[in-house]
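To start, the structure under review is shown below, and the notes come after it.
The values are calculated or read from the model by the stated rules, or taken from the named source; none is laboratory data. Since we're looking at a predicted model, the values are computed, not measured. Heads up, the Cβs are rebuilt from the backbone with ideal geometry, glycines too, and the neighbour counts pull from every protein chain shown. Each accessible area value is taken on the protein alone, full model and side chains, heavy atoms only, with ligands, DNA and RNA left out. Shrake-Rupley method; radii C 1.70, N 1.55, O 1.52, S 1.80 Å.
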Amino acid sequence: MAPANRPSDPGESPSAATGVLLADTVARLRRAMRRAARAADPGNPLSVAQLEVLACVADQPGIRPGRLARQLMLAANSVTTLVNALNARGLIVRTHATDDARAVALTLTSEGQLAVEGWKTTNTAILQAALGTLGERHQAALAEALPGLRRLAEAVDTLAEAPDVRRA
């Protein structure tokens, strides 16, 4: 495949070229968002990994640590370390799962919910400012692409959940 910044080879399928460009663009956007969020909120003491854990728990209150590890593609001991730190900060609580008293379920405290909302607000402000620098044509193209990007995110989530996903 051609590098992301070069045209694809004539024999390369359009979907493969799109996949390469999309993967590169998403990775660059994630890095840019992390840098911009740190610049916009330098006092935020939480790491991106901690914020990802909080966001995942916010989306799925009562999630078990093992499922959280699978969803975030982290080792179980890494999730334990992250959850312990978030618990110590009063952002997350461990409770017994409703269907199994031996299992742990994770929920956010009100402070944890505020941390997630603050992170989302920061990211939204960054994107709104960046969108404001684009011309109307690019803004419209991005707005039109949003339903497809949401479906793509769902499809990637589904692939991540599949045990037999083949990775290149």
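For the chain, the Stokes-Einstein estimate of translational diffusion at 20 °C and a viscosity of 1.002 mPa s comes to 116 µm²/s, using the Kirkwood hydrodynamic radius over alpha-carbon pairs.
With a Förster radius of 25 Å applied to the C-beta separation of Leu149 and Ser47, the computed FRET efficiency comes to 0.45. Taking 0.36 nm per residue of sequence separation and removing the Cα-Cα distance, the Asn87/Ala141 pair yields an extension gain of 15.3 nm. Sorted largest first, the spans of the alpha carbon positions of the range 85-168 along the three principal axes are 55, 37, 23 Å. Membrane-span-like helices in the chain, defined here as complete DSSP H runs extending at least 24 Å along the helix axis by their C-alpha atoms with mean Kyte-Doolittle hydropathy no lower than -1.0, are 14-40, 110-132, 136-161; this is a sequence and geometry rule, not a statement about a membrane. Rounded to the nearest 500, the helix-only mean residue ellipticity at 222 nm of the chain stands at -22000 deg cm²/dmol, with each DSSP H run of n ≥ 4 adding -39,500 (n - 2.57).
Using only side-chain charges placed at the Cβ, +1 for Lys and Arg and -1 for Asp and Glu, the dipole size of the chain relative to its Cα centre rounds to 420 debye. Applying 1/(1 + (r/R0)^6) with R0 = 35 Å to the Cβ-Cβ distance of Ser78 and Ala23 gives a FRET efficiency near 0.90.
Entry comment: accessible area of the chain is 69 Å² per residue, from protein heavy atoms only and a probe of 1.4 Å.
The range 93-139 has equivalent-ellipsoid semi-axes of 40, 12, 5 Å, by the square roots of 5 times the alpha carbon gyration tensor eigenvalues, sorted largest first. Here the range 10-63 exposes an accessible surface that is 62 percent carbon and sulfur, computed with a 1.4 Å probe and the other protein chains kept in place.
Above 20 Å, the calculated P(r) of the range 44-133 contains 35 percent of its Cα-Cα pairs.
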